[in-house]
Amino acid sequence: MTARLIDGRSIAAALRASVARRITSAGFRPGLAVVVLGEDPASAVYVRTKDRAAREAGIDARSIRLPADTTQANLLATIEQLNGDPAIDGILVQLPLPRGIDQHAVIEAIDPAKDVDGFHPLNVGRLADGRPTLTPCTPLGVMKLLLAADVAMSGARAVVLGRSSIVGRPMASLLLAADATVTIVHSRSRDLAGECRRADILIAAVGKPEMVQPGWVRPGATVIDIGINRRPNGRLVGDVAFETCALVAGAITPVPGGVGPMTVACLLENTLNAALRRRLE
Ligand code: GUN
């Protein structure tokens, strides 16, 4: 391996510690509600991880588990209650939602001031307008990794592979706000490999195991892997073929231990920031 490893675990630990210190000096405990429908095992793991990290940072985390067959009306009523609860500063509804529930209606029901996922159209619009307030946690975590690893963004060619609302699109907005020259590529793009090879900063967020091969990576480029995929043999792999791309890249994130820990740490930071802003209003 020749690439420098960007260690998400240690950068996330430092961010969590800084959130914990800020909470201690704020003198109150922010409240975070995590709403989960059904018993999806992957979601259950995420929710437990979020719960534990929140408590360790001094955030009162409340998990609200609803049956998989909860109606949309019931879910909306739960959100309404959390919107009006002064002890709750952040609301996160775990996605994906069961079929039959309109995800957009649910996201739009969340008070934008408590939208710690940054998915509400008001927060999406502010980010697209270059005035981020509550920003989606995964792309925010990637920006903090790039900053911590001293990767120059101004004027750099950044290619984002994937155009999801949760990751690809907000990622592109944040890179643009950092003065990168941004290209989004996706399943319909011509010459995916060629587009990716032009990148100084390549960000993979497609959910396809080891799709990015060394021939897609410009020598010396920074490669950020947002994918978390489980191989049939149980091994966790990213969207990037790590071992071989690390021979070409200048810096690279591992999976696990790269972007994943940053997502959780940024959720805590968003919750604290939402709490502080709400107390100023
Ligand atoms: N499911 C996968 N990633 C996310 C996320 O960042 N937020 C929520 N709410 N659900 C998710």
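The values are calculated or read from the model by the stated rules, or taken from the named source; none is laboratory data. On a predicted model such as this, the values are computed, not experimentally measured, just so you know. Cβ atoms come from the backbone with ideal geometry, glycine included; neighbour counts cover every protein chain shown. SASA here: full protein model, heavy atoms, side chains in, ligands and nucleic acids out. Shrake-Rupley method; radii C 1.70, N 1.55, O 1.52, S 1.80 Å.
If we scan segment 167-174, do we find a residue that is within 16 Å of the ligand (Cβ to nearest atom), touching a residue at least 40 places away in the same chain (Cβ under 8 Å), of a type in the set (Ser, Thr, Tyr) and closer than 25 Å to residue 10 by Cα? No, because not a single residue in segment 167-174 is within 16 Å of the ligand (Cβ to nearest atom), touching a residue at least 40 places away in the same chain (Cβ under 8 Å), of a type in the set (Ser, Thr, Tyr) and closer than 25 Å to residue 10 by Cα. For segment 153-172, the set of residues classified as within 21 Å of residue 131 (Cβ to Cβ), surrounded by 20 or more Cβ atoms within 10 Å (Cβ to Cβ) and among the small types (Gly, Ala, Ser) consists of 158, 168, 172, listed by residue number. Considering 43, 63, the condition of being surrounded by 14 or more Cβ atoms within 10 Å (Cβ to Cβ) and in a helix (DSSP H, G or I) is satisfied by 43 alone.
Look at residue 68 and say whether it is free of Cβ contacts under 8 Å to residues at least 40 places away in the same chain and open to solvent by less than 30 Å² (accessible area, probe 1.4 Å). It is false that residue 68 is free of Cβ contacts under 8 Å to residues at least 40 places away in the same chain and open to solvent by less than 30 Å² (accessible area, probe 1.4 Å).
Restricting the search to segment 111-134, which residues are over 17 Å from residue 93 (Cβ atoms) and either hydroxyl-bearing (Ser, Thr, Tyr) or within 14 Å of the ligand (Cβ to nearest atom) (or both)? The answer is 133, and nothing else. Residue count for segment 87-115 satisfying the condition of being out of contact with any helix residue (DSSP H, G or I) (no Cβ under 9 Å at 6 or more places or on another chain), at pLDDT 95 or above and not in a helix (DSSP H, G or I): 1.
The residues of segment 234-281 that are open to solvent by less than 10 Å² (accessible area, probe 1.4 Å) and part of a strand (DSSP E or B), listed by number, are 237, 240, 251, 252.
Each residue in segment 119-141 was checked for being open to solvent by 20 Å² or more (accessible area, probe 1.4 Å) and assigned to a loop (DSSP other than H, G, I, E, B), and 7 of them qualify.
Kindly indicate the residue of segment 72-110 that is in contact with a strand residue (DSSP E or B) (Cβ under 9 Å, 6 or more places away or on another chain) and open to solvent by 50 Å² or more (accessible area, probe 1.4 Å) and also nearest to residue 272 (Cα to Cα) among those meeting that condition. The residue in question is 87. The residue that is surrounded by the fewest Cβ atoms within 10 Å (Cβ to Cβ), counting only those in segment 16-40 that are aliphatic (A, V, I, L, M) and assigned to a strand (DSSP E or B), is 36.
Among the residues of segment 192-233, those that are charged (D, E, K, R) and open to solvent by 30 Å² or more (accessible area, probe 1.4 Å) comprise 195, 197, 198, 200, 208, 210, 218, 230, 231.
Only residues that are in contact (Cβ under 8 Å) with a residue 60 or more places away in the chain and within 13 Å of the ligand (Cβ to nearest atom) were counted across segment 137-161, and they come to 5.
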